[in-house]
Each structure stands twice: as structure tokens, then as C-alpha cells.
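The next block holds one structure in the form of C-alpha cells; read it before the comments.
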Amino acid sequence: MQIHQGARAVGIGLRPEHFLQAVKTGVSVDFVEVHSENFFAAGGMLKELLVELSQHVAVSLHGTSAGVGSAVAIPDDYLAKLKALVGATNPVLVSDHLCFAWGEVNGRLVHGGDLLPIPYTRESLRHAIANVDRLQQALGRQVAIENVCAYLDVGAGEFSEAEFLNELVAGTGCGLILDVNNVMVNARNAAADDVGAAVQRYLADLDHEAVVEIHLAGATEVGLTQTLIDDHACPVSELGWQCYRQVLQGIGARPTLVEWDNNLPSLERLVAEADQARALMQGIHAEGRVDVG
């Protein structure tokens, strides 16, 4: 396992609305995560601010468009833009999602515009291994792959999600991001009687040593059936904090990121969420339940 910082590191997802304040006044977290594709343009003030910020706080690049679960290869121009951004910011971590994104329509390569789920089959595994290998070779470094939310059933697979991720790690040497909220949302939308127990089962199947980062976020209930949507538009729920405690007790401390992408609060409020994660991690350590490095 290659932890990108000390295991007790805590960070926030930093969105453009908070960039100028973060550069001017600083931000009291161990690292910030940005979405890679927002900085693929050759120039612009936002990219200049990111490069400047990277001189003062550790930056993590989190992609949403590589589509490592696609049946086609990640495009060359995407890899070139990501490699240039990595060179400009020297990130502590580069990551993306276990999802489908790229496909061919009438011989033309198109992007699906979302983090689309894949079947957990041996064929899907072959495509994912090829794309993660392609990504890591292009960048010359390990990347981390995150579990995703799935709002549709793609059919029975040959592996559970956690087992599939383990096979991906074994085949590529990549790391994993464990998004606790995504596990909870999928369990809740699948009508699990006990979401906490579902998280525990997921942990039991997962390769703990491969997890290099934990993600926390909020989700919103919508619709007549109260489907839970992973919109990152609210604070981490009480159940989310309980499941985070389960994860820390189960796998030990890992760098932890708090995401908040919609209905953005103040930067100070977002940092307070990160401080809550830090306090929980330290509290469990004080109980002798987890090593925080």
C-alpha cells in the first residue's frame, strides 16, 4: 500500500468558487482535491491559481472522465492533458472512478457524460485492467480507483464490487479510494435493511491494504420512493459518520477527504466538516482502536 500522505491527513474537495479565497488566505487542511478535467485548458486564471495553490498545500487530482471501465481505450489526447496537469501541479494523488464513460457510436468515439456502472464480469475486468495500466504507464505513477454509485442494475456479475476491485488491484498494482457514501447510497437504494451492516460486509470483502484514501460526502433523498442521490449537496449525515467510524475501526486510518460539490457552503464551513473527520479519527486513536500513523 502506498499512502500518499500520513494516514491522519484530512482534506477537502476545493471547487472554483473557493479558489481565490484559498490562495489569498490559505486553507487549514492537509490537502485539497480538484477535478482534473476543469484544468485541461492550456491557460486561464483558474489553472494559474491551482498551480500557485499547489506551492502551498498538497493537491490531489481526481478525474471524472477517464472511464477506466470502458470497453475502448482511454483516448490519447485525454492522457496527454492529464499528464501535463500532473507535471504542473505535482499532485500527491491521481485518481478516477471504476465506471464506463467512452464508447464508439457509428465509428466515432463519444463520452457518456456520467459515471456509468459496469457489470462485474471477467470481460469487464480485462478492459479495466488494460485501461488502468494505460493510465499508469502514461503518467509513470500509481493511480487510485474509486467505487461509484449505481442507479441502475446492469445484471448479475461474476464478482461482488469489492471482489472486482481486489482483482483490479492484483492485476495493475493500483490503489483504491473507498467512498463510504457511495457504498451507503448503493446499499440504501438496494433496500438494504441495515446500511451499516451492508458497509461491514463490503469491508469484509475488500483488500484493506489497497485503500489509499477514504471519501465522505452527503446525499439527498428525492422522489416518491425516496431514492438517495449522491449529489454532495449537504453535510455528511449522522449515519455517514457512524459508517466512517466503522471503516476506521475495520481498516485503520487513511487520508480522508470531505466532498461538497453543490449548494456550496462557505470555505470555513467545509473546513469544519474536515475538522470533524479529524476529530473522529483522533478520538478512535485515543480509544486504542486505530493507528493514525
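The values are calculated or read from the model by the stated rules, or taken from the named source; none is laboratory data. All values derive from a computational prediction rather than experimental measurement. With ideal geometry, Cβ positions are generated from the backbone for all residues, glycine too; neighbour counts draw on all protein chains shown. The protein model used for the area step is the full one, side chains on, heavy atoms only, and it has no ligands, DNA or RNA in it. Shrake-Rupley method; radii C 1.70, N 1.55, O 1.52, S 1.80 Å.
Which numbered condition trips up residue 176, out of (1) among the hydrophobic types (A, V, I, L, M, F, W, C); (2) crowded, with 20+ Cβ neighbours inside 10 Å; (3) touching a Cys at 6+ places or on another chain (Cβ under 9 Å); (4) without any contact (Cβ under 8 Å) to a residue 60 or more places away in the chain? In the conditions (1) among the hydrophobic types (A, V, I, L, M, F, W, C); (2) crowded, with 20+ Cβ neighbours inside 10 Å; (3) touching a Cys at 6+ places or on another chain (Cβ under 9 Å); (4) without any contact (Cβ under 8 Å) to a residue 60 or more places away in the chain, residue 176 misses (3) alone. Residues that are open to solvent by 20 Å² or more (accessible area, probe 1.4 Å), farther than 25 Å from residue 153 by Cα and of a type in the set (Lys, Arg) occur in segment 227-245; there is at least one. So, residue 256, is that one modelled with pLDDT of 95 or more, of a type in the set (S, T, N, Q) and closer than 24 Å to residue 148 by Cβ or not? Yes: the conditions hold for residue 256. Take residue 85 and tell me if it is closer than 15 Å to residue 141 by Cβ, open to solvent by less than 40 Å² (accessible area, probe 1.4 Å), part of a helix (DSSP H, G or I) and in contact with a Ser or Thr (Cβ under 8 Å, 6 or more places away or on another chain). Here the answer is yes, as residue 85 does meet what is asked. Check whether at least one residue in segment 47-65 is farther than 30 Å from residue 249 by Cβ, in contact with a Phe, Trp or Tyr (Cβ under 9 Å, 6 or more places away or on another chain) and either open to solvent by 50 Å² or more (accessible area, probe 1.4 Å) or modelled with pLDDT under 90 (or both), and report yes or no. The answer is no, given that none of the residues of segment 47-65 is farther than 30 Å from residue 249 by Cβ, in contact with a Phe, Trp or Tyr (Cβ under 9 Å, 6 or more places away or on another chain) and either open to solvent by 50 Å² or more (accessible area, probe 1.4 Å) or modelled with pLDDT under 90 (or both). Show me the strands (runs of 3 or more DSSP E) found entirely inside segment 171-256 where at least 1 residues are touching a Phe, Trp or Tyr at 6+ places or on another chain (Cβ under 9 Å). Per the criteria, 175-179, 211-216, 227-229.
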